[in-house]
Amino acid sequence: MTKLAVPVFAVLAAIGLAVSCYLVFFVAPLEYSFNEANKLNGSSLFFNQKIYYFHVAHAFWLFTAVGVAGTASIGFLVKRDPRWDDVASASVDVAVAFGAVVLLTGSIWAKAAWDVWWQWEPRLTMSLLLWLILVGYVLVRRFAGPSADRVAAGMAIFGMVGVPFIYKMVGQDSHPAAGANGVVATMQSGMRLPFWISVASFLCWYLALVFSRLQSTRAEREVRELRERGLDLGVLS
Amino acid sequence: MTNVRASKISSVVALLASWIVVAGFAGAALAQPGPAEHAPPAAAPSEARKACADAMNADPKFAAEIVKVADEKAAKQRDDDTLKAHQDAVAHIEKNERQVIYAYAGMWIIAAAFVLFLWRRQQALKGEIANLRRDLDAAAGEATAGKGQA
């Protein structure tokens, strides 16, 4: 199933991304607004708003990936089944990549919209901390020795608990709002289809990467088992 | 001799004192504000200008024609201003375009790097698994052969 899932989701993601790129750049309107004096608002983003379609989609699946990793880590700690650990590890690896995209595109957006590369405000700082926790998870798994899986599982749960706080830090900084009155909910009608196709495409991309990483994780376990057999047989030293 | 020297000294002192007095007056005079500069009185319309205005107003059609030309000039100025505002907006949007290119390039570079990492890792693991299996199969074969000989 995993072997088939990777190409299927990869093809779906490629088709979806091609369609969403076309819609984003050739169909979706430019973003602008007027103030009370019926003049162009200073917060109008025009072409720069095109970053939003991929930045927000990556943020959605970053939070989902962290949620999957945290849940799978709880499953691993409770049942001690290594398959849960595989799912958590694969999801965190993809979350690190998605988190890097979110931080990078968000920083470029901030430069264009607010003329600053970074602001030490709660939401951005928490997002950076979440990403650092994910990087820490990867480092722990690589270097922490025999108990690495359990320590890393604890870190994944810690990261998952932080996600709602990041989401709820709305309206307390210059970052666009989320929720019922947020930018997604109040989007112009011409922007909705490109946005949701982009979100669906990145879901397929996320799944393709997770399943691909799962294959690697299982291969890593097979290597460990073969080594142990080799040590038992005295073939390996 | 003493009187001659005393008279010389007194004449030098008198000369210095007079220079000091003159310099003081000159400085005080320079420090005074200059005379107020009055704006020249508004020129009364000349006879020729008055005649010209009368001639324009005498023929209402001619006057309307002149106003129309003046309005066209004003309209052209407005058009130029609007065009300049649009050009500024285009320049602003183009600047944003660069940011969008950076963002998308960054996103694809990270995605490509991650896929490359996954692919290389997968290839390395495949190779390692094949080597381990080969070694184990060889060891198992040797063990079987050893048992057979025994």
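The table below lists the values:
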quantity: The range B:62-73 residues that are in a helix (DSSP H, G or I), paired with ones that are polar (S, T, N, Q) (beta carbon under 6 Å, 6 or more apart); calculated: B:63/B:57
quantity: Some residue of the range A:157-169 being modelled with pLDDT of 80 or more and within 11 Å of chain B (Cβ to nearest Cβ); calculated: no
quantity: Conditions (1) aliphatic (A, V, I, L, M); (2) surrounded by 10 or more Cβ atoms within 10 Å (Cβ to Cβ); (3) more than 19 Å from residue A:39 (Cα to Cα): number failed by residue B:48; calculated: (2)
quantity: Long-range neighbours under 7 Å by Cβ, at least six apart or interchain, first residue more than 23 Å from residue A:61 (Cβ to Cβ) within the range A:98-121, second aliphatic (A, V, I, L, M); calculated: A:116/A:110; A:117/A:110; A:119/A:110
quantity: Some residue of the range B:112-130 being more than 60 Å from the chain's Cα centre (by Cα) and more than 9 Å from chain A (Cβ to nearest Cβ); calculated: yes
quantity: Tally of residues being in a helix (DSSP H, G or I) and within 21 Å of residue A:162 (Cβ to Cβ) across the range A:111-138; calculated: 17
quantity: Count - residues of the range B:63-111 that are at the interface with another protein chain (Cβ under 9 Å from one of its Cβ atoms) and farther than 30 Å from residue A:61 by Cβ; calculated: 3
quantity: Among residues of the range A:115-174, those that are farther than 17 Å from residue A:102 by Cβ and hydroxyl-bearing (Ser, Thr, Tyr), counted; calculated: 1
quantity: Qualifying position, being at pLDDT 85 or above and surrounded by 13 or more Cβ atoms within 10 Å (Cβ to Cβ), among B:112, B:124; calculated: B:124
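The values are calculated or read from the model by the stated rules, or taken from the named source; none is laboratory data. Here the structure is a predicted model, which is why all the values come from computation and not from measurement. Every residue, glycine among them, receives a Cβ derived from its backbone with ideal geometry; neighbour counts consider all protein chains shown.
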